[in-house]
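Worksheet: one structure, shown below.
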């Protein structure tokens, strides 16, 4: 599958992986819709795409409030006539011990990462069913495969996305709509600085793991490659992605490491 001239809608496009995906897709000749909450940052990314105005579209979208997603889809259809690929990349996280996490943070993370994502997906999928073609891409995390201390609700939201999109893949097969689940490891972005603390403030510190992680540009290239090759699933990252296999084949070792991590945090 080539992405040249394809209409690609990217959420969370104002920074990090989403921003890198915008540049990669524009460079390969796609028509890109850029969505996120921060419209000023979207305009910056749009300008940096160096694409013709008719091939880019900035569309403000807050996945924490998705009552208007049908209207957003119609804005895209009015502009481009179709949606070939939706890349669900928006998300948020927290860094708090589970028992100390206020319920409003649990709900906020699930609202954005899960409910907001599936609400947009359903609206776009209906359009793709009319077209009888399309691809849905969901950027989850390796934490969709296991949990880590301090990230309980974040991990839960990523687990939920796995279950939902694995099911959706089968339901949409006869409509010629495919689903790609992408599981990044540690990617060198500023996402850890935006993690919510117990009091709702931002963590404000970039983790060492992310500092040493794969670049957002290389991550975007990996995702686009998986789209082109019609993959069902793709791990993206460095050494940390092998933790998934450690859990699968050496569970005692894996859980011992998790317990040590939890003890060190206390």
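Residue by residue, here is whether (1) outside any helix (DSSP H, G or I); (2) touching a strand residue (DSSP E or B) at 6+ places or on another chain (Cβ under 8 Å); (3) touching a residue at least 60 places away in the same chain (Cβ under 8 Å) holds:
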position: 130; (1), (2), (3): no, no, no
position: 146; (1), (2), (3): yes, no, yes
position: 156; (1), (2), (3): no, no, no
position: 159; (1), (2), (3): no, no, no
position: 170; (1), (2), (3): no, no, no
position: 179; (1), (2), (3): yes, yes, no
position: 192; (1), (2), (3): no, no, yes
position: 206; (1), (2), (3): yes, no, no
Filter result (out of contact with any helix residue (DSSP H, G or I) (no Cβ under 6 Å at 6 or more places or on another chain), over 15 Å from residue 80 (Cβ atoms) and either surrounded by 15 or more Cβ atoms within 10 Å (Cβ to Cβ) or modelled with pLDDT of 95 or more (or both)) within segment 28-38 = 28, 37
Kindly indicate whether residue 247 is over 16 Å from the mean Cα position of the chain (by Cα), assigned to a loop (DSSP other than H, G, I, E, B), in contact (Cβ under 8 Å) with a residue 12 or more places away in the chain and surrounded by 14 or more Cβ atoms within 10 Å (Cβ to Cβ).
-> no
How many residues are more than 14 Å from residue 20 (Cβ to Cβ), touching a residue at least 24 places away in the same chain (Cβ under 8 Å) and in a helix (DSSP H, G or I) if we restrict to segment 47-67?
-> 1
Please work out if residue 200 is modelled with pLDDT of 85 or more and surrounded by 20 or more Cβ atoms within 10 Å (Cβ to Cβ).
-> no
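The values are calculated or read from the model by the stated rules, or taken from the named source; none is laboratory data. As the structure is a prediction and not an experimental result, all values here were calculated from the model. As a convention, Cβ positions derive from the backbone with ideal geometry for all residues, glycine included, and neighbour counts pool all protein chains shown.
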